[in-house]
Amino acid sequence: MGDEIKKGLMGVTVDETSISKVMPEINSLTYRGYAAQDLCAKCKFEEVAYLILNGDLPNSKELKKFEREEKKERKLSKSLINIIKQMPKKSHPMDVARTAVSVMGLEDKETTDNSQKANLRKAMRIFSKTPVALAAFYRLRKGKQIISPKEKLSFAENFFYMCFGRVPNKDIVKAFDVSLILYAEHSFNVSTFTARTITSSLSDIHGAITGAIASLKGPLHGGANEEVMHMMNKIKKPENALNWINNALDKKEVVMGFGHRVYKSGDSRVPTMREYFGKVAKIKNDKKFEKIYDIVEKVMIDKKNIHPNVDYPTGPTYHLMGFDTDFFTPIFVISRITGWSAHIIEQHSTNKLIRPLAAYNGSQHRQVSSIEER
Ligand code: SDX
């Protein structure tokens, strides 16, 4: 008898982290010891980004410096802009983000320096430039001019501005900021573990984040927020929701935006995001998706005892904000770059090569015949 196989590493604790704590038993999530919902209530995203990267909340002087650095790095190189211009217009923006970060690695003068200080500087450059690259692609594929970043705008405001040419009202910006805070960090999820695995061979931060973006794209992970919107669009109107979800469950379909590997009685981020989804729906005077949301959620809980995860409310919220559906997971990226970077730095500081075992179940020993005999 070999060792027990833990498929999907389910329930396996593989390392320690001081970055965030997911507590399914009390439905709570903390970043560096602070409850995520308290951070949403009292902080802007930049403060939380600083906290995740540096370990403590900033005072106002530290925040100003951090914001100055983020704004200073917003410019893209001419060659990266040209590469984005040449990308096929129908590329998925997640692939654009993945390629853009990879190109940033080619251009960065500190690519091979894995010291903590260099990694923090590189993290800032990736954090600052990735939204600019994504917004450029957002405009280009619609045949529109790229909009240069504006220094006086916050991280969230600037993203709206670069995509749409204007900043929406402050309540919409706050809802977006809250979504960024809630998406910023979540312990050893698939993409973070991918980033840590890449880092464990002493590879660099650009490579690790490139891999993490590829991992986040999948519909079982970050890609779920886009799938939620496709589902809501298929349902079309609240009157169809009950039949649609019952039918999906009868056919044993996976319902996107529901379930979680760690949370079994609800994702701690959902109540906050649900509240802000409601606020955005009210501002936009469009309650259709909220109604569909509530009907599908009730059936999933009543019939399957499966609760929504954070991608369920973010999907329709981003839609109401005006983003194209395939930009939902890229928005997750621009936030999670903070969490990934903190984990990459932590992995470097306590590194042990990640190299598990596999139980072989292929053919037993075979004789090699010459090519003429095969
Ligand atoms: C994220 O881990 C993180 O931290 C990730 C994340 C982050 O912040 O980084 O929180 C972000 O990725 C959220 C998850 C987004 N994915 C989805 O919404 C996709 C839909 N969800 C599922 O496919 C599923 O729930 C997973 C992938 C999220 C979790 O998968 P597990 O832990 O491997 O569980 P499972 O798929 O084996 O499900 C267990 C049971 C199964 O039924 P049985 O075979 O035991 O009868 O629950 C059922 C599943 O069929 N089930 C669902 C379901 N989720 C679980 N049935 C229908 N619809 C679902 N969504």
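None of the figures in this text is laboratory data; all of them are computed from the coordinates on show. Just so it is clear, the model here is predicted, and its values are computed rather than measured. Counting neighbours? That spans all protein chains shown, and the Cβs are built from the backbone with ideal geometry, glycine included.
What the table below lists for this structure:
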| quantity | calculated |
| --- | --- |
| Radius 13 Å from Cβ of K237, net charge of other residues (Lys, Arg +1; Asp, Glu -1) | +2 |
| Of K65/K122; K44/K129; K44/K71; K71/K144; K152/K288; K89/K279, those spanning more than 25 Å from alpha-carbon to alpha-carbon | K152/K288; K89/K279 |
| C-alpha center-to-center spacing [region 240-273, region 168-185] in angstrom | 23 |
| Chymotrypsin sites (Phe, Trp or Tyr not before Pro) within region 248-338, DSSP loop, no more than 14 other Cβ atoms inside 10 Å | none |
| Highest-MSF residue in the chain out of V190, V333, V48 [GNM, Cα springs under 10 Å] | V190 |
| Loop sites in region 122-159: trypsin sites (Lys or Arg not before Pro), DSSP, at most 15 other Cβ within 10 Å | K142, K144, K150, K152 |
| Tensor-based shape of region 293-355 (alpha-carbon gyration tensor, a/c under 1.5 rounded, otherwise prolate or oblate) | oblate |
| Sorted largest first, extent of region 224-321 alpha carbons per principal axis (Å) | 35, 30, 21 |
| Loop sites in region 287-339: trypsin sites (Lys or Arg not before Pro), DSSP, at most 14 other Cβ within 10 Å | K287 |
| Value of Rg to Rh for the chain (Rh from inverse mean 1/r over Cα pairs, i.e. Kirkwood) | 0.99 |
| Ordering of 155-168, 57-70 by burial proxy (mean other Cβ atoms within 10 Å per residue, highest first) | 155-168, 57-70 |
| Between region 328-374 and region 63-83, the Cα center-to-center distance that results, in Å | 31 |
| Extension gain from S115 to L220, taking 0.36 nm per residue of separation minus the Cα-Cα distance | 34.5 nm |
| Debye intensity ratio I(q)/I(0), log10, region 1-101, q values 0.16, 0.17 Å⁻¹ (C-alpha model) | -0.95, -0.98 |
| Those aspartates and glutamates that a straight Cα-Cα span of less than 13 Å connects to K150, excepting residues fewer than 8 apart in one chain | E67, E70, E73 |
